[in-house]
Structure formats: C-alpha cells, structure tokens
Amino acid sequence: MRKFEVEVTINPSSIEQAANIAKTTERMGIEQIGVWDSPALYLDPWVALGVLSREVKNTPIGVSVTNPVTRHVVVTANAIASLSHASEAGVYLGIGTGDSGVYNLNGRACTLADLRTFVVAVRELLDSGRTKIDGKTYYISIEPRGIIPIYVAAHGRRSLELGAELGDGLILGLGHSPEVVEPVMNVIADTRSRFGGRVEDLQLTWNSGGIHIDETPGVAVERAEWLLASFSHHFSRFGLRGKFVPEKYQAGIRELGQSYDLLRHGSISTQQVDEYRKLASKLGVRDYLLERFVIAGTRSEVTSRIDALASRGVRRYGASVAAVDEIVPALELANDLTR
C-alpha cells in the first residue's frame, strides 16, 4: 500500500496536453484526475472530461472545481450525470465558491450560504432527479450511473464545517504544516461528530500545488515559490479570520495575495515568478508560506516531509498540472514508498 497518494487537476490548454497528462499519470497509478473550470483561461472542463473518458479506463475523473456562479445547478448535475455514463472508472464533482473561473468573468465568488444551497441541490438532483430552490422546482431526466461523490473546496473554518457536514470529501486549501493540520482535523472531526458521521468516511485531499523534486539543492523550492502568491490570494481573499494564521504574517499574506494575477492563473510568466518570489521575501512571509503550503526539495527531503505529514493523517495530495513532467517524479516516489 502506498504511503501517500496523489491526484492531479489539469489546467487544459489543449486536448492533446490533457490526454497526455491523463494517460501518463494513469499508467503511474494516479488516484483521481480532475480538470479546472476556468472558462476565460482553459478548455471547457466538460468537453475535456468527455475526451478523457475515452482515454482513461481505471481512474475516476471529475471537475475540480466548479462553482454556483457560472454554472447553473441543473446544468452541473446533468453534466456530471451524463459523464458518469461515459467514464468506466467513475466520476466525481468538486464544488467551491469560485475563483479564477468567476473573477476573470468580472464576477465574485458566491457566499457560503449559496454554496450550501448548490451542494444540497446537486445532490438531490443526482439522487432523485428533482430539487427545490426558493420555491422553484428543478429537474433532470438523466439518471447517473453509480454513486457520484461530491467534494467541497474549503479554505477556512466555515467552509471546512460546510464540507464536513455535506460533502463526501473535502479539497483542503489551508496548507499542511503541523500547526495547520491539527486544527483543520479538529474542525472536521467536531463537525462530523455533530452530524453523526465519521472522519474516516470522508476523502480528504490536501492541496499542495504539486510535489516538487530535484536533486540539486534549492532548485525544487525555487521552482515552486511562485505558488506562494497563488495560495495567498486564494485563502486570504475574504480575510484571514478562521484561517489559522499568526497575526504577524497576516498583512504580508494579504498584500502578496492581492498581487497575484488571475489572468495568468496556472501559467505565469518567468518575470512574474521572480516578482512573486522577491515580494514574498520582502514581506517576510516566504519561509512561513513555504512550510505551510509547499512540498519541495530533494528526494530525501520530500520523503522526510511526507513521513512527518503521514504521521498526522495527511495521506492524499492534490496537484495542479500543466505538463506531465511536473508530476512524474512525485508519482515515482509514491510508487517506491510503501507501508
């Protein structure tokens, strides 16, 4: 059994690129394959997933993540139900409040109340073919094949609670340093207990942005440093209350997050990489954010980090991937490390 598991979310700039990543990672034992939903930047996720359903035979596929702002609840439920009939290995649905897929359309992320309504409605549509929102009834006629798990993206205490209550799993965007893992797990456990569930029944995916390995000391960390701005944007956009951030880092994280260019989300330029790296250091948050969000280093350094996190219950990692060589070393390591 693997010591840790990896799933990928593809930011697809072409069908060929998405298919190559999917086929290669499936051969190497990836756990799940997702596609971003960001209409201004990448291919339509449902078109890409339709193609991947013909390429992938043994690995669940899904959208990671869609949102209630740009996708109507009936459209989303019908799309994932339809995909379930094309995918041999099953499908899943990731749902969040919306980030680049919303802001690049001059929109704004939805409220957690709206997210709750959306998650409940999608589940009802998949389970029974009908739901009611604000007194209006909605239907779908396509019955899904098999059970479709719903994973809720969580970047704060309240979304953790919502996901633990309603989801089959959570996509965790709060980091995975020791001082974060414990409170995150406590919130999830407390919520599950209140609603009569078990943490063990949830699929927890810890968003790492990728697992970066290079045998030249310092190179892997340097390649991954731009992610600090992306993570800072994503989990500070509505403030840092309930995000388990020490006061001394909060102002710097907010400023770094505000600097992030969503129009280049997932495919930033070399100049921007350097700018984000310098700004994180200038603001005094680089080392803190690296420890909190990034897994990078030599093979032995990454192995030690994986071992330490496994002891705290962190087992599955999510990685956003634009090219297959970004994830191959991590999958090779996962295959080599067994219990």
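I need a count of the residues in the range 287-310 that are within 22 Å of residue 172 (Cβ to Cβ) and part of a helix (DSSP H, G or I).
16
Could you grab me the full set of residues in the range 299-339 that are surrounded by fewer than 15 Cβ atoms within 10 Å (Cβ to Cβ), without any contact (Cβ under 8 Å) to a residue 40 or more places away in the chain and not small (Gly, Ala, Ser)?
The answer is 325, 336.
Please determine whether any residue of the range 43-64 is in a loop (DSSP other than H, G, I, E, B) and among the aromatic types (Phe, Trp, Tyr).
Scanning the range 43-64, I find no residue that is in a loop (DSSP other than H, G, I, E, B) and among the aromatic types (Phe, Trp, Tyr), so the answer is no.
Where the second residue is basic (Lys, Arg) and open to solvent by 10 Å² or more (accessible area, probe 1.4 Å) and the first is in contact (Cβ under 8 Å) with a residue 40 or more places away in the chain and lies in the range 71-85, which pairs have Cβ atoms under 7 Å and are six or more apart or on separate chains?
84/145; 85/145
Going through the range 226-239 one residue at a time, which ones are open to solvent by 10 Å² or more (accessible area, probe 1.4 Å) and either of a type in the set (A, V, I, L, M) or modelled with pLDDT under 85 (or both)?
Within the range 226-239, just 227 meets the criteria.
Taking residue 155 and the conditions (1) touching a Gly at 6+ places or on another chain (Cβ under 7 Å); (2) at pLDDT 95 or above, which numbered condition does it fall short on, given that it satisfies the others?
Residue 155 satisfies every listed condition except (2).
Taking into account only those residues within the range 45-83 that are among the charged types (D, E, K, R) and under 15 Å from residue 17 (Cα atoms), which is least open to solvent (accessible area, probe 1.4 Å)?
My answer is 55.
Would you point out which residue out of 160, 172 is touching a Phe, Trp or Tyr at 6+ places or on another chain (Cβ under 7 Å) and open to solvent by less than 30 Å² (accessible area, probe 1.4 Å)?
172
Scan the range 95-119 residue by residue and report those that are without any contact (Cβ under 8 Å) to a residue 40 or more places away in the chain and open to solvent by 40 Å² or more (accessible area, probe 1.4 Å).
Within the range 95-119, 106, 108, 111, 113 qualify.
Take residue 281 and decide whether it is hydroxyl-bearing (Ser, Thr, Tyr), open to solvent by 40 Å² or more (accessible area, probe 1.4 Å) and either within 22 Å of the chain's Cα centre (by Cα) or on the phi < 0 side of the Ramachandran plot (or both).
Criteria met by residue 281.
Quick one: residue 222 ticks every box in (1) crowded, with 22+ Cβ neighbours inside 10 Å; (2) closer than 30 Å to residue 332 by Cβ bar one, so which box is it?
Here residue 222 meets the rest and fails (1).
Out of the residues in the range 251-278 that are surrounded by fewer than 16 Cβ atoms within 10 Å (Cβ to Cβ) and among the hydrophobic types (A, V, I, L, M, F, W, C), which is nearest to residue 102 (Cα to Cα)?
Only one residue tops the list, namely 263.
Within the range 231-268, count every residue that is more than 20 Å from residue 12 (Cα to Cα) and assigned to a loop (DSSP other than H, G, I, E, B).
Residues meeting the conditions: 10.
Taking the criterion of being surrounded by fewer than 18 Cβ atoms within 10 Å (Cβ to Cβ), out of contact with any strand residue (DSSP E or B) (no Cβ under 7 Å at 6 or more places or on another chain) and in a loop (DSSP other than H, G, I, E, B), would at least one residue in the range 120-140 satisfy it?
Yes; the residues of the range 120-140 include at least one that is surrounded by fewer than 18 Cβ atoms within 10 Å (Cβ to Cβ), out of contact with any strand residue (DSSP E or B) (no Cβ under 7 Å at 6 or more places or on another chain) and in a loop (DSSP other than H, G, I, E, B).
Name the residues in the range 99-119 that are touching an Asp or Glu at 6+ places or on another chain (Cβ under 9 Å) and in a loop (DSSP other than H, G, I, E, B), would you?
Across the range 99-119, the qualifying residue is only 109.
Just checking, does the range 82-100 include any residue being at pLDDT below 95 and of a type in the set (Asp, Glu)?
Looking for residues that are at pLDDT below 95 and of a type in the set (Asp, Glu), one finds at least one in the range 82-100, hence yes.
Given the options 256, 309, 289, 263, name the one that is over 19 Å from the mean Cα position of the chain (by Cα) and of a type in the set (A, V, I, L, M, F, W, C).
Matching residue, one of 256, 309, 289, 263: 256.
Out of the residues in the range 183-211 that are closer than 17 Å to residue 293 by Cα and at pLDDT 95 or above, state the one that is surrounded by the most Cβ atoms within 10 Å (Cβ to Cβ).
205
The values are calculated or read from the model by the stated rules, or taken from the named source; none is laboratory data. The structure displayed is predicted, hence computed values, not measured ones. We place every Cβ from the backbone using ideal geometry, glycine too, and count neighbours over all the protein chains shown. Quick note on the areas: whole protein, heavy atoms, side chains included, nothing else; ligands and nucleic acids left out. Shrake-Rupley method; radii C 1.70, N 1.55, O 1.52, S 1.80 Å.
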